[in-house]
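Encoded as structure tokens, the structure appears first; notes follow it.
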Amino acid sequence: MTRDDAADGSDRFTERTRRAVLTTGTVGLTALAGCSALSGGGNGDGDRTGTNTDANADGTVTDSEPTTVAGTGTTTTGGEAMSAANGTAMQVTTGAPNTTAGGNESANASAGTPGTATTTTTGTGDANGTAGDALAIGEYRGSGPLVDQRPPLRGTSIQDLPPLRGELTVYLGGGEGGLYRNLVDLLRQTYPEFNPRTRLAPSSQLASTIIEETSGGQSPADVFWAVDAGSLGVVAERNATVPIPQRVVDAVPQQFHPQEDWVGVAGRARSVPYNTDQLDRSQIPEDVLAFTNADGLQGNTGWAPTYGAFQSFITAMRLLTSRQRTKRWLNGMQNQGVQPFPDEFLVSNAVADGEIAAGFANHYYALRVQAARPDAPIDLAFTRGGPGALINVSGAEIIRGTQRRELATNFIHHLLTIEAQEFFATRAFGYPVIPGVPPVGGLPTIDELQPPQLDLARLSDLQPTLRLLREVGVL
């Protein structure tokens, strides 16, 4: 059946085709150690400031620098992987992703109004599914030991939403762009009449572009999907977005859509990877500010101060405490003999190798190490409350002036379905933002982490953090 055939068919035929695609396509996690994670991935997420050489999802290499969002005086972290030498690329997604089948799953959609119905999946079932009622969640799921034994999932399913139809331009920012494009391609396969176009560049660069385009008229972008909440917030503050309907974000905790203009779609938590041969969990402070007085960690910790994720963490510390308190912490950690690394994946690997006993990193890097090296002596600890419990998000917003507002809204709603959330959880090891989809690997839930109450859009206020890091000699 060709795409033209589908376009000429009835809505009933389109729905049947959509369900058939959902039950026959395949997606899996075949090379976990080399995959891209949220805000990129180790050796490939390029979430750093300064001039860096970053490996992109397509294997190319790009030098990158921090970017100041035009006209705002705000700097957001650059260094996110790009798919072209000039930093941007427009792509029409075509063809199937080159991946393999993941886990087995089936789902039974409950009746209800589109966009509000709830679907519960079962933990077992036919991976290929059957056309009709069954939805093969395994097509969105990764594979491997951390993904085994997934529990039933609850939330809105793709089958509960109206079909995606028409052309949609998505400005897609961040080093995980290649991974996210796989999800976009799955949606294109699901809906033969959906024609998504993605423009890839660092989130900060795309934020500047959108602000310039909307201030001078109309942006070609319908949706901005960014790696960090800061970039989303900057665009929203410049009146370049329109509100997302409440029905779309109902299932998402308020902290991940503090404004009506954007919503988080996947999270990443600050954590403390530690070597289980050298430390017991009880030896790791529950308050990140107490690390400066932890005698057992003297000369035995690591961080990545040029890394954007670390700088967001320090920004959160500065906003939640004070500049002076943050300065004392940075100086205290240097007095502790903390060791610098280029990125947080290398911090996690150093922990697993026993080079250091503990470090500061986003949670998914240790999971990637565990997946690639199941016997490595590495585990995760989480501090509670305060900046050490920060959960940042990638998210999406609708751009003002779009002529496809309904389609853009429906697309973002699709990113919050159980299928897309399972994709983020099991392929990127990110935190799902809807309660009905749990994280992988025995991670604590978001509620258990007790993240601080902080408007994530404020993390775009990076310049004072960079000045502080330079002042104390960390950069």
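Dipole magnitude for segment 258-367: computed about the Cα centre from +1 point charges on Lys and Arg Cβ and -1 point charges on Asp and Glu Cβ, it is near 500 debye. Comparing Cα centroids, segment 421-460 and segment 179-197 end up 24 angstrom apart. Toward the positive end of the charge dipole of segment 274-359, with +1 on the Cβ of Lys and Arg and -1 on the Cβ of Asp and Glu, the farthest Cα among Leu320, Pro285, Gln334 is that of Leu320.
For Glu355 and Gln254, a Förster radius of 35 Å and the Cβ-Cβ distance give a FRET efficiency of 0.30, rounded to the nearest 0.05. Rg/Rh, computed from the Cα trace of segment 292-367 with Rh as the Kirkwood radius, has the value 0.97. Just so you know, the Rg over Rh for segment 395-443 is 1.10, from Cα atoms, with Rh as the Kirkwood radius.
As a test of the definition: which semi-axes, in Å, follow for segment 216-271 when you take the square root of five times each eigenvalue of its alpha carbon gyration tensor? Largest first, please. Can you show the working numbers first?
Values: eigenvalues 87, 42, 18 Å².
Equivalent-ellipsoid dimensions as semi-axes: 21, 14, 10 Å.
Only Lys, Arg, Asp and Glu carry charge here, each on its Cβ (+1 for the first two, -1 for the last two); on that basis segment 360-475 has a dipole of about 380 debye about its Cα centre.
From the P(r) of segment 340-422, could you give the percentage of C-alpha pairs in the tail past 20 Å? It would help to have the intermediate numbers written out before the result.
Numbers: 1856 of 3403 pairs.
When all Cα pairs of segment 340-422 are counted, 55 percent exceed 20 Å.
For segment 241-333, the equivalent ellipsoid derived from the alpha-carbon gyration tensor has semi-axes of 34, 17, 11 Å in decreasing order.
One quarter of the surface of the convex hull around the alpha-carbon atoms of segment 348-475 equals 10.8 nm², the direction-averaged projected area.
Each other residue within a Cβ distance under 11 Å of His413 adds +1 if Lys or Arg and -1 if Asp or Glu, for a net charge of -2. Extents of segment 142-283, taken as max minus min of Cα coordinates on every principal axis and listed largest first, are 59, 33, 28 Å.
Peptides 142-155, 392-405, 358-371, 290-303 ranked from most to least packed give 358-371, 392-405, 142-155, 290-303, packing being the mean of other C-beta atoms within 10 angstrom over each peptide's residues.
Here, each number is a calculation from the coordinates, and none is a lab measurement. From a predicted model like this one, the values you see are computed outputs, not experimental measurements. Counting neighbours? That spans all protein chains shown, and the Cβs are built from the backbone with ideal geometry, glycine included.
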